[in-house]
1. Hey, with R₀ at 30 Å, roughly what FRET efficiency would residue 120 and residue 91 work out to, going by the Cβ-Cβ distance, to 0.05?
2. Summing -39500 (n - 2.57) over the DSSP H runs of n ≥ 4 in the chain and dividing by its residue number, what mean residue ellipticity at 222 nm do you reach, to the nearest 500 deg cm²/dmol?
3. Distance from the Cα centre of the stretch 82-115 to that of the stretch 28-72, in angstrom?
4. If you project the alpha carbons of the stretch 63-116 onto their three principal axes, what span does each projection cover, largest first, in Å?
5. Check cross-link reach from residue 120 to the lysines: straight Cα distance under 28 Å, and skip same-chain residues fewer than eight apart.
6. Using a Gaussian network model of the chain whose springs link C-alpha atoms within less than 10 Å, name the residue from 26, 110, 73 with the highest mean-square fluctuation.
7. With the full set of protein chains in place, find how many percent of the accessible area of the stretch 63-120 is carbon and sulfur; take the probe as 1.4 Å.
8. Could you check which residue among 55, 24, 88 shows the biggest mean-square fluctuation in a GNM of the chain with a 10 Å Cα cutoff?
Amino acid sequence: MIGWFEIPVNDMSRAKKFYETVFKVEIQEVDFGGMLMGWFPNHNDGHGATGTLIKQESYIPSQEGTLVYFMCEDVQNELDRIEDAGGKIYQPKTKISDEHGFMGAFIDTEGNRVALHSSK
C-alpha cells in the first residue's frame, strides 16, 4: 500500500505551476526543515496516496526509476493540458484492457516521467 510520494524538482515555482495547471489543484508550498516542498491536496476520505513536489539537493528529477500514476476521470483531460503547461507527452492515451482501463504518461517541466490512469 502506497502512503506517500515525492516528485523531485529543480524549480519549485515552475513545477508548482505545471501541476496546478494540469490537475486543476492548488499546491501548498512549505519549507519543511530546509526542504522546499509543494504539497498536493490531501483527500483523507478518498482513495490513493498523496504526496509532494520536493526541492532538495539529494532529489534529482529523472525519466528513469519509479513511476507514479495519478488517477483521473479520463486520462485525455490531463494529457490535453500537458504541452500548454510546459510538459511533453511521453505516451498518449492507451487502452490497457477492458478490465483495467487506460493509461498515458508525460514528462513534467522538471524532467520526471509521470503516468495517468483512468477507467474511461
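1. On the way: r = 17 Å, r/R0 = 0.57.
Here the calculated transfer efficiency is 0.95.
2. On the way: 2 runs with 20 residues, N = 120.
-5000 deg cm²/dmol, from helical runs alone.
3. Cα centroid of the stretch 82-115 versus Cα centroid of the stretch 28-72: 17 Å apart.
4. Ordered largest first, the stretch 63-116 gives principal extents of 33, 25, 15 Å.
5. Answer for residue 120, where 28 Å is the Cα cut-off: 16, 17, 24, 88, 93, 95, listed by chain and number.
6. Residue with maximal mean-square fluctuation among 26, 110, 73: 73.
7. On the stretch 63-120, the fraction of accessible area on carbon and sulfur atoms equals 46 percent.
8. Checking each option, the largest mean-square fluctuation is seen for 24.
The values are calculated or read from the model by the stated rules, or taken from the named source; none is laboratory data. These numbers come from a predicted model, not from an experiment. Cβ: placed from backbone, ideal geometry, glycine included. Neighbour counts: every protein chain shown. Areas reflect the complete protein model, heavy atoms only, side chains present, ligands, DNA and RNA absent. Shrake-Rupley method; radii C 1.70, N 1.55, O 1.52, S 1.80 Å.
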